[in-house]
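Enquirer: Take a look at the following structure, please.
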Amino acid sequence: MIDVRPARDDDAQAVAELLGHLGYPAPAAEIPARLARLRAGGDADALVAVADDRVVGLATVHARDVLHQARPFVQLTALVVPPEMRGRGVGRTLVSAVERWAASRGADRLVLTTALHRAEAPAFYERLGFEHTGRRYARRIERRLLGSDPEGAARGL
C-alpha cells in the first residue's frame, strides 16, 4: 500500500535522493530549510509517497491565483519516483493526492511542465488524463539584475 503525506524534516535524506533522480541534486542538510521556505506562504507543499515505511516518491505543488482566471490553479512543479519503483502506481497515487490538495484550495485546474529530455513523461501524464496544451519557455535572469537587492531588480529598479 502507498500512503501520501506532507514531507517532514526527517525525510531530508530521501527527498535529497529523489531530487537527485530528477536531476536537481541537493544536500540533505538543506532540505528542512527548503521545506520551510516552500511552505512559508501557505500556498505550496511537498508531498511524499511512502511504502513499507520508506519514502518512494515526491511531488511539490503550488497554488496560484492569477488575474485572468476566476479560480486558482495548482501547478505540479516536481514529480519523481525512483526508477526501481516506477510502474507500481506511486506516481499515479501522488498525482491523485495532488488533485485532492488542489481541490481543497478551490482550484479547478492542475497544470505541469516536463523537460524535453524526459521522453517517458508525456505518455505517463497523458495516461492520467493530462492534455498537451502549449509550450513552456524559460531563460535565466541575468546575475547583474539580481545584485544585492533582488526585490528591487524584480521591480526593474
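Each reported figure results from applying straightforward, stated rules to the coordinates on display, with no laboratory input. The shown structure was predicted, so the numbers you read here are calculated from the model rather than taken from an experiment. Using ideal geometry, Cβ is built from the backbone for each residue, glycine included, and neighbour counts are taken over all protein chains shown.
Enquirer: Give me the Kirkwood hydrodynamic radius of region 31-80, using the inverse of the mean 1/r over all pairs of distinct Cα atoms, in Å to one decimal.
Expert: 12.2 Å
Enquirer: Only four residue types carry charge here, +1 at the Cβ of Lys and Arg and -1 at the Cβ of Asp and Glu. Report the dipole size of the chain about the Cα centre in Debye, rounded to the nearest 20.
Expert: The dipole of the chain has a size of about 560 debye.
Enquirer: Still on this structure: Could you give the C-alpha radius of gyration of the chain expressed as a fraction of 2.2 N^0.38 Å, taking N as the number of residues it contains?
Expert: Computed over Cα atoms of the chain, the ratio equals 1.11.
Enquirer: A follow-up question, please. Give the range of the longest stretch in the chain that excludes all GluC sites (Glu not before Pro) found in loop regions by DSSP and having at most 12 other beta-carbon atoms within 10 Å.
Expert: With a cap of 12 other Cβ atoms within 10 Å, the longest stretch comes to 1-119.
Enquirer: Assuming a viscosity of 1.002 mPa s and a temperature of 20 °C, what translational diffusion coefficient in µm² per second does Stokes-Einstein assign to region 1-60, Rh being the Kirkwood radius over Cα pairs?
Expert: Reported coefficient: 185 µm²/s.
Enquirer: Now for a different question. Could you give the longest part of the chain that holds none of the trypsin sites (Lys or Arg not before Pro) found in DSSP loops with at most 10 neighbouring Cβ atoms within 10 Å?
Expert: The answer is 1-134.
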